[in-house]
1. Here are some residues: 151, 147. Which one is under 30 Å from residue 256 (Cα atoms), at pLDDT 90 or above, out of contact with any helix residue (DSSP H, G or I) (no Cβ under 8 Å at 6 or more places or on another chain) and assigned to a strand (DSSP E or B)?
2. Given the criteria touching a residue at least 24 places away in the same chain (Cβ under 8 Å), surrounded by 20 or more Cβ atoms within 10 Å (Cβ to Cβ) and more than 12 Å from the chain's Cα centre (by Cα), does residue 215 qualify?
3. Residue check: is residue 187 modelled with pLDDT of 90 or more, at positive phi and crowded, with 17+ Cβ neighbours inside 10 Å?
4. Just the residues that are in contact (Cβ under 8 Å) with a residue 24 or more places away in the chain and outside any strand (DSSP E or B), please, taken from the stretch 113-130.
5. Restricting to the stretch 22-34, give me the number of residues that are surrounded by 15 or more Cβ atoms within 10 Å (Cβ to Cβ) and farther than 13 Å from residue 4 by Cα.
6. Pick out the one residue from 87, 91, 114 that is surrounded by fewer than 16 Cβ atoms within 10 Å (Cβ to Cβ), modelled with pLDDT under 95 and either within 23 Å of residue 24 (Cα to Cα) or not assigned by TED's automatic domain parsing to the domain that holds residue 202 (or both).
7. Is it fair to say residue 197 is outside any loop (DSSP other than H, G, I, E, B), at pLDDT 90 or above, surrounded by fewer than 16 Cβ atoms within 10 Å (Cβ to Cβ) and assigned by TED's automatic domain parsing to the domain that holds residue 137?
8. Search the stretch 70-99 for residues that are within 28 Å of residue 204 (Cβ to Cβ) and pair each with any residue that is assigned to a loop (DSSP other than H, G, I, E, B) and modelled with pLDDT of 90 or more when their beta-carbon atoms are under 8 Å apart and the residues are at least 6 apart or on different chains.
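The values are calculated or read from the model by the stated rules, or taken from the named source; none is laboratory data. Since the structure is predicted, the reported quantities are computational estimates derived from the model, not experimental observations. Glycine gets a Cβ as well: all are built from the backbone with ideal geometry, and neighbour counts include every protein chain shown.
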């Protein structure tokens, strides 16, 4: 078996700090000397020598990098001696939008984000002038008004502790803000988790989670015109009817509390929660 005969840094080595896609990347190189058993030993045998760094498994001496590559070069003056160069980097997987000083804990970084838009269709109960979707007599139409518009989406990555469980991540997906968040009213932001990967980032085991915040200015509750065939009169439930003989049951307008709406007035609007609320304290701002 080949043997590492010099595992110190020696006189050869390098370090590099640069920016890539908006976040800093620290790279460092270490060299090792390996002695082969014989001249015909394969290059793979040399690279797999016990004592050399393990790709995707060994940390650099700085504590912020992970080994990403090994290069072995045979010495011309001695065919049994190989110089092995190990490259370490702090670079995160492609697509990460995080940024910060690599000497700081990435789990404390405030993530950067990308703004996107997607087409969204919904049945509305009011028009853009806040007028109820009803006829001139205040009666609801048989079908609602469906509109299609583009809503903004903020997508970002965030480092989490590796101890964060899958159940914790699942509980963060498809929830709406319980209170005003970043200037957006309660229940107007829908958080969706796109992916969450546990890996080795910046020298430690961490979770990298990809989030989306979808903004619906009309909020994410389901809305219905308050109509029905019956209404409350005190504690009595009565039926909407016309004046024909026998009376025919009608669809009438309600005031949001079960009572008959005033004649000529459009029905009230009822809102129903479609998502669990969350205080969004897990999002670093």
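1. Details: 147 fails: at pLDDT 90 or above.
Result of the check over 151, 147: 151.
2. On the way: touching a residue at least 24 places away in the same chain (Cβ under 8 Å): yes; surrounded by 20 or more Cβ atoms within 10 Å (Cβ to Cβ): no; more than 12 Å from the chain's Cα centre (by Cα): yes.
Answer is no for this residue.
3. yes
4. 125
5. Filtering the stretch 22-34 down to residues surrounded by 15 or more Cβ atoms within 10 Å (Cβ to Cβ) leaves 23-34.
Then keep just the ones that are farther than 13 Å from residue 4 by Cα; that gives 23-30.
Number satisfying all stated conditions: 8.
6. Numbers: 87 fails: surrounded by fewer than 16 Cβ atoms within 10 Å (Cβ to Cβ); 91 fails: surrounded by fewer than 16 Cβ atoms within 10 Å (Cβ to Cβ).
Unique residue meeting the criteria: 114.
7. Numbers: outside any loop (DSSP other than H, G, I, E, B): yes; at pLDDT 90 or above: no; surrounded by fewer than 16 Cβ atoms within 10 Å (Cβ to Cβ): yes; assigned by TED's automatic domain parsing to the domain that holds residue 137: yes.
No, not satisfied.
8. 70/52; 70/53; 84/49; 84/52; 86/52; 86/53; 88/53
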